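> Input: one structure, supplied below.
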There are 2 protein chains.
Amino acid sequence: MAAALDFWFDFASTYSYPAAMRVRALADEAGVEINFRPFLLGPIFKAQGWTTSPFNLYPAKGGYMWRDLERICADLSLPFQRPDPFPQNSLLGARVALVGLREHWGDEFCLEVFRTQFGDGRRIDDAAAIEKILARLEITAEPVLQAAQSADNKARLRSQTEEAGRRGIFGAPTFTTADGELFWGNDRLERALLWAKQPR
Amino acid sequence: MAAALDFWFDFASTYSYPAAMRVRALADEAGVEINFRPFLLGPIFKAQGWTTSPFNLYPAKGGYMWRDLERICADLSLPFQRPDPFPQNSLLGARVALVGLREHWGDEFCLEVFRTQFGDGRRIDDAAAIEKILARLEITAEPVLQAAQSADNKARLRSQTEEAGRRGIFGAPTFTTADGELFWGNDRLERALLWAKQPR
């Protein structure tokens, strides 16, 4: 069985942007299979008593995060624009991603959502924004949006978010291994890949 | 002028342990001068509405942190024992550290406090514990404890903690550079050293 790593993210998560941009090349190099697992941080934050991003609730931490992310993107030569508003509602994007991940364009869609939001600083939180992203991937939006909003697909996202909670996920990005290890943060990606290859 | 980096920590901060154990060797290698800056997280957490460590307030995050720290220490071949209670009151340790940093034994004292607490899982929160640590460094405890509890020295620690707040520090370890950059976390140490050498 090939080594595998689950990559858990919410589209509104800032540090998930560099993680998403890095994960496939690093995983290929390591010979590890990556499963994209979009979920919603909202219910998980709510369970901790937070009504918005902790980066908004704690201004010193938030100010630091934006500067840190800017430096990280510069180091990686990734475009970076701080989106406004922040955080954006990632519900529709996550539902569409789940449709794409059952077809052949899920990973590409996810990367394009992150690029649009944090590379270009644009909106990703409504149907028009998602349609533009699908158009760039040459995917016909209407049937996808319909599938995304189906009762089945909504339930699938709820269940994915519940699984994140059961696994002890409290933030994003998070990487989980088959043997139950959890690695939180863009800066843990390399260690997580190594663990996936050589559990200890 | 030699490149320099300020290393801000609270003795109760878990991730400050591997940072403290790593910082001097990495700084020597990079040719960067390190200034140990103990301060108190308590007043800074209180300003964010927290009455204890966020790792205790948010159990999922806390559980993750202990496992993550265990893995980090294993990777570094550092001894690790989870201390009980957690967090410990770091006030006396920080005051004594400030005395030591004005003499010649400050860095060694700080490293020994971290080793005692997180390497051996022992207490560091009362005079008896601090006396044992001083004894291992062959320092006579009585005059040190007296100097540590002097009004001047108490004010010095308050002022160091206030400076941390003014610099935007919200957690530990934090590294700050002469040009005002702030790097938070053990995993940012390497990047901070590089910045101290080559500001950008």
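> Dipole of region A:4-197, Cα-centred, from +1 at each Lys and Arg C-beta and -1 at each Asp and Glu C-beta, to the nearest 20 debye?
Working: 23 positive and 26 negative charges, 103 e Å.
That gives region A:4-197 a dipole magnitude of about 500 debye.
> Follow-up. At a threshold of 8 angstrom on Cα-Cα distance, excluding pairs fewer than six apart, so keeping six or more, what relative contact order does region A:1-95 reach in percent? Please report the intermediate quantities before stating the final value.
Values: 81 pairs, mean separation 33.4, N = 95.
The value is 35 percent.
> How are the Cα pair distances of the protein assembly as shown distributed, in percent, across 10 Å bins from 0?
In whole percents, the pair-distance histogram is 4, 21, 30, 23, 13, 6, 2, 0.
> Let me know the mean shielding of A:64-72 by other chains, meaning the per-residue number of their Cβ atoms within 10 Å of its Cβ. It would help to have the intermediate numbers written out before the result.
Numbers: counts 8, 1, 0, 4, 7, 0, 0, 6, 2.
Across the residues of A:64-72, the mean count of other-chain Cβ atoms within 10 Å is 3.
> How much net charge surrounds A:PRO59 when only the other residues with a Cβ under 15 Å from the Cβ of A:PRO59 are counted, with Lys and Arg +1 and Asp and Glu -1?
On the way: positive: A:LYS61, A:ARG67, A:ARG82, B:ARG166, B:ARG167; negative: A:ASP68.
The answer is +4.
> Calculate I(q)/I(0) for region A:83-198 by the Debye formula, one identical point scatterer on each C-alpha and no solvent, and give its log10 at q = 0.22 Å⁻¹ to two decimals.
-1.28
> Put +1 on the Cβ of every Lys and Arg and -1 on every Asp and Glu Cβ in chain A; which of A:LEU57, A:SER150, A:ALA30 then has its Cα farthest towards the positive end of the dipole?
Of A:LEU57, A:SER150, A:ALA30, it is A:LEU57.
> Put a dot 7 Å past each Cα toward the Cβ at A:ASP75 and B:HIS104; how far apart are the dots in nm?
3.7 nm
> If you don't mind, there's one more thing I want to ask. By the gyration tensor of its Cα atoms, with a ≥ b ≥ c the square roots of the eigenvalues, what is the shape of chain B: rounded for a/c under 1.5, prolate for a/b over b/c, or oblate?
Details: a/c = 1.27, a/b = 1.08, b/c = 1.17.
Because its axes are fairly even, with a/c under 1.5, chain B counts as rounded.
> Do the sum for the protein assembly as shown: with -39,500 (n - 2.57) for every DSSP H run of n ≥ 4, divided by all residues, what is the mean residue ellipticity at 222 nm, to the nearest 500 deg cm²/dmol? Each step should come with its number before you reach the end.
Working: 20 runs with 214 residues, N = 400.
Computed mean residue ellipticity for the protein assembly as shown: -16000 deg cm²/dmol.
> On to the next question. Which distance in Å, rounded to a whole number, links the C-alpha centroids of region B:116-134 and region A:114-131?
About 52 Å separates the Cα centre of region B:116-134 from the one of region A:114-131.
> So how much slack lies between B:ASP28 and B:GLN149, counting 0.36 nm per residue of separation and subtracting their Cα-Cα distance, in nm?
Working: separation 121, 0.36 × 121 = 43.56 nm, distance 3.27 nm.
Between B:ASP28 and B:GLN149, full extension yields 40.3 nm more.
> May I pose another question? Go through region A:6-111 and name the GluC sites (Glu not before Pro) that are in a DSSP coil and have 14 or fewer other Cβ atoms within 10 Å of their Cβ. Mind showing how you got there, number by number?
Working: sites: A:GLU29, A:GLU33, A:GLU70, A:GLU103, A:GLU108; in loops: A:GLU103.
Those that pass, being in a loop and sparsely packed, are A:GLU103.
> May I ask what percent, to the nearest 5, of DSSP beta bridges between residues of the protein assembly as shown are antiparallel?
Details: 14 of 26 bridges.
Beta bridges within the protein assembly as shown, antiparallel portion: roughly 55 percent.
No value in this document is a laboratory result; all are computed from the given coordinates. Everything quoted here is computed from the prediction, not taken from an experiment. Every residue, glycine among them, receives a Cβ derived from its backbone with ideal geometry; neighbour counts consider all protein chains shown.
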